[in-house]
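A short write-up of the structure that comes next.
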Amino acid sequence: MDFDKFKANGKINLAKTDTKSNGTDKEAAKIKTAENIEKLKVLQEALYAEHTQSLLIVLQAIDGGGKDGTIENVFGPLNSAGTRVAAFKVPTPIEADHDFLWRVHAQAPAKGEIVLFNRSHYEQVLVVKVHELEPKEVNKTRYDQINEFEKLLTSSNTHILKFFLHISKEEQLKRFGDRLNDPTKHWKLSAGDYAERALWDNYMAAFEELLEKCSHNHAPWFIIPADNKWYRDYVISEILVKYLEDMKIGLPVLKEDINEIKRLYEEEVGKEK
């Protein structure tokens with residue numbers, strides 16, 4: 001797979017960026033995704049055991065973009081002992097009394113962890129910007145603050161991958177309809193979804209700006225075509241396997257005498273006979 005074609009580089013025009021699967025064979029992609037998830041299980045266990053590196057995954061999307069589905073399908077099978085999800089909603093009064101990165105830094109991954117941000121510090125240059133919740137001159141400083149924050153994390157051996165799940169406006173409306181027709185999904189519904197949908201162009205402009213200003217080699221943004229959920233999961237799983245393998249994760253060396261442990265094992269086996 002050509003990973004560079006998904007990486008955000010240079011000037012971004014989301015209206016001209018594909019949201020589809022480009023003729024990829026669906027069944028073959030599903031088989032490959034399942035294989036990738038098995039690889040991810042092994043890599044995640046090694047990362048946890050090595051305990052010197054960590055991985056931060058940032059998921060951003062317009063409403064209905066598929067963040068929850070991505071977490072369930074790609075990351076759900078991983079061991080919960082070393083994988084954690086942090087969701088960022090409207091700041092609490094205490095959080096609002098601090099700088100916008102205060103609550104985010106507290107959720108950054110510890111050594112050996114994979115942490116997924118379901119929404120993230122990028123809300124500050126999305127919702128806050130679109131709804132003009134702070135002065136424009138203040139909001140402009142946020143990109144530099146975010147970039148410096150991510151540099152700080154990577155300097156402590158935290159690797160960062162950021163995925164923008166790119167769906168079409170038509171697909172969003174279809175997903176809203178699917179939720180409406182499924183009583184088990186009614187908890188996800190809100191009249192406010194349609195007020196936000198009316199701001200589609202404003203949100204796309206905000207996404208384009210953050211993708212241009214905050215995608216770097218140490219913390220790249222990937223634009224994932226997400227109209228087809230199976231294709232979204234396939235592409236993300238491919239990228240994750242490549243980047244985790246590139247981290248050169250090494251299992252820790254046993255500090256005790258393996259021959260002594262073997263002797264004790266064989267002694268116990270002998271007792272059972």
Checklist entry - Quick check: anything in region 97-110 assigned to a loop (DSSP other than H, G, I, E, B), within 30 Å of N36 (Cβ to Cβ) and touching a helix residue (DSSP H, G or I) at 6+ places or on another chain (Cβ under 9 Å)? => result yes
Item to check | Cβ-Cβ under 6 Å pairs, at least 6 apart or on other chains, region 199-217 side closer than 15 Å to E132 by Cα, far side of a type outside the set (A, V, I, L, M) and surrounded by 15 or more Cβ atoms within 10 Å (Cβ to Cβ) | outcome: A206/K129
Next on the checklist: Cβ contacts < 8 Å: first residue without any contact (Cβ under 8 Å) to a residue 60 or more places away in the chain and over 13 Å from T158 (Cα atoms), restricted to region 91-119; second residue among the hydroxyl-bearing types (S, T, Y) and surrounded by 14 or more Cβ atoms within 10 Å (Cβ to Cβ), any location; separation 6+ or different chain. Result?
Outcome noted: V104/S120
Checklist entry - Applying the selection to region 89-105, what residues are over 16 Å from Q145 (Cβ atoms) and either hydrophobic (A, V, I, L, M, F, W, C) or touching a Pro at 6+ places or on another chain (Cβ under 6 Å) (or both)? => result V90, I94, A96
Next on the checklist: Quick check on this structure: which one of R232, R175 is surrounded by 14 or more Cβ atoms within 10 Å (Cβ to Cβ) and under 30 Å from E132 (Cα atoms)?
Outcome noted: R175
Checklist entry - Going through region 24-73 one residue at a time, which ones are under 30 Å from M204 (Cα atoms) and without any contact (Cβ under 8 Å) to a residue 60 or more places away in the chain? => result D25, D68, I71, E72
Checklist outcome for this item: Listed by first then second residue, the pairs whose first member lies in region 238-258 and is outside any loop (DSSP other than H, G, I, E, B), whose partner is surrounded by 16 or more Cβ atoms within 10 Å (Cβ to Cβ) and hydroxyl-bearing (S, T, Y), with beta carbons under 9 Å and at least 6 positions apart or on separate chains, are E238/T33
Item to check | Among (1) among the small types (G, A, S); (2) within 26 Å of E170 (Cα to Cα); (3) part of a loop (DSSP other than H, G, I, E, B); (4) out of contact with any Leu (no Cβ under 7 Å at 6 or more places or on another chain) - the single one S80 does not satisfy | outcome: (2)
Item to check | Condition check for D193: under 27 Å from E150 (Cβ atoms), touching a residue at least 40 places away in the same chain (Cβ under 8 Å) and not in a loop (DSSP other than H, G, I, E, B) | outcome: no
Checklist entry - What about V74, is it assigned to a helix (DSSP H, G or I) and either modelled with pLDDT under 95 or over 23 Å from D246 (Cα atoms) (or both)? => result no
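The values are calculated or read from the model by the stated rules, or taken from the named source; none is laboratory data. Values in this document were obtained by computation on a predicted structure and should not be read as measured data. Cβ: placed from backbone, ideal geometry, glycine included. Neighbour counts: every protein chain shown.
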